[in-house]
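The values are calculated or read from the model by the stated rules, or taken from the named source; none is laboratory data. Every value quoted in this text rests on a predicted model; they were computed, and no experiment measured them. Glycine gets a Cβ as well: all are built from the backbone with ideal geometry, and neighbour counts include every protein chain shown.
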Amino acid sequence: MGGPYDLYQQLILDHYRNRRGRGRIEDASASVHENNPVCGDECYLDILVVDGRIAEIRTDGDGCSISQAAASMLTEAARGKDLDEALALVEHFRLMMHGEAEADEDLLGDAIALEGVARYPVRVKCALLSWLALRDCIADYRETVATGG
Amino acid sequence: MASAAQHALDARALRAEFPILASPRPGGDEVHYLDSAATSQKPQRVLDSMDAYYRETNANVHRGVYEMAVEATERFEAGRDAVARLVNHPREATVFTKNATEAINLVAWAWGARELGEGDEVLVTMMEHHSNTVPWQIVADLRGATVRFCPVTPGGEIDMDAMRDMIGPRTRMVAVVHVSNTLGTINPVEEIVAMAHEAGALTMVDATQSVPHMPVDAVAIGSDFLAFAGHKMCGPTGIGVLAAAPGRLEAMEPFLGGGEMISDVTTEGSSWNDIPWKFEAGTPPIAEAVGLGEAVAFLEGVGMQSVRAHEKEVARQMLDALGEVPGLTIYGPRDVEHRGASVSFSVDGVHPHDIAQFLDSKGVCVRAGHHCTKPLMRQLGVQSTARASAYLYTTDDDVLALRDGLIECREWFGVA
């Protein structure tokens with residue numbers, strides 16, 4: 001138990017109240033829909049891939065401030081990255097959430113504000129929901145391309 | 001009818017008997033524990049009884065001829081006597097399980113997996129805990145049977161007209177929760193059991209949220225099976241209870257096989273021990289039965305009428321206090337005569353997880369999530385709710401801390 005300031009930094013509340021990259025992409029290259037079985041939160045994630053890069057990324061769905069802020073920060077951090085860079089970004093964030101990596105602010109951007117979530121094990125899943133959805137979405141996209149679908 | 005004054009209990013005095021509530025947490029914060037529907041706190045005497053069992057007479061039950069083993073068996077079986085007495089049920093038809101979930105699974109497998117057939121129906125309600133839904137789905141799937149869900153009214157009560165319509169010649173089992181862990185609703189289980197029996201169906205009453213909080217008479221309810229958990233009634237985790245109507249257990253094949261549940265074992269096959277031991281394979285939760293017996297003695301000392309009267313008052317206070325928070329929605333009945341002291345709610349603009357996390361920073365422990373009632377959440381049109389749940393040790397201080405925390409929470413998240 002600590003003050004609410006421990007977890008809810010101003011940057012997190014800002015992304016929660018003013019979500020970036022919210023909505024769906026109509027002509028998406030790949031889409032996933034995932035949920036957090038602990039709380040029932042849902043996340044829709046769409047990517048538009050152009051020349052091997054994430055030209056656009058959007059997330060939608062409902063959730064707590066941590067999951068919504070994390071999704072908002074993800075769209076800013078991943079937009080413009082090529083697919084391998086995006087996967088590396090997700091993996092870095094995942095390790096940070098599990099306390100297994102020093103946070104790299106250059107890579108994470110605003111998402112560095114989520115570093116403190118690692119101390120709240122139940123909330124780590126909230127933060128990871130959209131980020132792992134991107135990993136799955138890229139895998140789906142690559143499978144579709146490989147199978148010529 | 002006795003007045004509330006005659007039943008008054010002193011929650012502040014009772015708190016002194018609970019080590020977790022009697023002293024602040026490390027760091028000096030007072031705890032406002034409002035998650036007793038998930039698990040109750042334990043009085044010192046329950047902890048002491050289990051400690052004494054391990055220190056004084058730890059031995060395996062039933063088999064030993066030496067004095068310590070005999071005493072261990074006596075203490076273990078005394079726990080069964082206490083539990084049976086509390087719900088006015090014959091001791092031999094009172095089976096110890098791991099938890100309430102296992103008690104329901106026992107019936108789903110020992111009865112359902114053998115007796116359900118193609119086209120048969122198990123009727124549950126939309127407000128069941130997953131523990132009274134999923135076991136039936138698994139077994140029904142195995143046997144080609146169907147699980148149907150009786151709807152819940154917008155007011156948070158079982159739709160009894162729908163229930164009447166849905167119970168039919170194909171209905172073999174009606175499984176219903178006595179008090180909803182999410183909505184707090186007290187359901188008319190006597191009436192539902194009678195309706196089911198009239199149609200020739202058996203019944204399972206999930207009494208997990210009723211036995212700890214009010215007088216429950218298993219015989220008066222008349223259900224074929226009734227399940228509850230030790231840890232929600234001041235007892236330890238790791239022990240649950242299945243109370244079965246006379247004749248039911250005798251007619252069923254065992255659930256788990258192993259030691260203690262047999263009468264004879266040969267290379268050709270086995271025969272079964274008498275009830276209740278036929279359904280208690282392996283070394284049972286001995287210390288837990290001792291602790292649960294002590295918890296029952298504690299509850300009997302307070303009086304279940306008094307517990308119910310106190311919680312009715314706390315529920316009233318909680319509904320009033322939550323009503324003072326702007327933008328707050330309460331799910332479930334408002335009339336405290338028809339509800340327990342578990343209250344689910346949501347606050348516009350603040351996710352239940354954030355409510356629970358913020359309240360934690362104020363020392364207020366509430367739960368957020370689907371409360372293992374996902375079909376109900378879908379019917380309510382929400383993904384999750386926050387839930388505050390009281391017990392005999394809950395005071396008006398706890399309720400006020402909840403209200404003040406929620407008002408501050410709205411300000412923090414910028415919806416005030």
Open item on the list: So for segment B:294-317 (the condition being in the same structural domain as residue B:17 (by TED's automatic domain parsing), within 18 Å of residue B:406 (Cβ to Cβ), surrounded by 22 or more Cβ atoms within 10 Å (Cβ to Cβ) and β-branched (Val, Ile, Thr)), does at least one residue qualify?
Closed with: yes
Task: Matching residues in segment B:264-315 - criterion: being under 23 Å from the mean Cα position of the chain (by Cα) and among the basic types (Lys, Arg) - done: B:308, B:312
Open item on the list: Would you confirm whether or not segment A:90-106 contains a residue that is surrounded by fewer than 16 Cβ atoms within 10 Å (Cβ to Cβ) and either within 14 Å of chain B (Cβ to nearest Cβ) or touching an Asp or Glu at 6+ places or on another chain (Cβ under 8 Å) (or both)?
Closed with: no
TODO: Report the residue count in segment B:61-76 for those that are in contact (Cβ under 8 Å) with a residue 24 or more places away in the chain and assigned to a helix (DSSP H, G or I).
DONE: 3
Task: Residue in segment A:3-50 that is surrounded by the most Cβ atoms within 10 Å (Cβ to Cβ), counting only those that are of a type in the set (S, T, N, Q) and away from chain B (no Cβ under 13 Å) - done: A:29
TODO: Would you please name the residue that is farthest from residue B:237 (Cα to Cα), looking only at residues in segment B:40-81 that are of a type in the set (Val, Ile, Thr) and surrounded by fewer than 16 Cβ atoms within 10 Å (Cβ to Cβ)?
DONE: B:65
Open item on the list: Quick check on this structure: which one of B:29, B:35, B:10, B:48 is acidic (Asp, Glu), within 25 Å of the chain's Cα centre (by Cα) and within 14 Å of chain A (Cβ to nearest Cβ)?
Closed with: B:35
Open item on the list: Can you find, within segment B:85-123, the residue that is farthest from the chain's Cα centre (by Cα) among those that are buried (at least 24 other Cβ atoms within 10 Å of the Cβ) and among the small types (Gly, Ala, Ser)?
Closed with: B:112
Open item on the list: Could you check segment B:377-395 and list, in sequence order, the residues that are at pLDDT 95 or above, more than 17 Å from residue B:327 (Cβ to Cβ) and of a type outside the set (S, T, N, Q)?
Closed with: B:387, B:390, B:391, B:392, B:393
Task: helices (runs of 4 or more DSSP H) enclosed by segment B:283-394 - at least 3 residues per element that are within 13 Å of chain A (Cβ to nearest Cβ) and more than 29 Å from residue B:176 (Cβ to Cβ) - done: B:352-360
Open item on the list: Residues that are on the phi < 0 side of the Ramachandran plot, surrounded by fewer than 17 Cβ atoms within 10 Å (Cβ to Cβ) and not assigned by TED's automatic domain parsing to the domain that holds residue B:345: does segment B:9-22 have at least one?
Closed with: no
TODO: Name the strands (runs of 3 or more DSSP E) wholly inside segment B:196-251 in which the number of residues that are among the β-branched types (Val, Ile, Thr) is 2 or more.
DONE: B:202-206
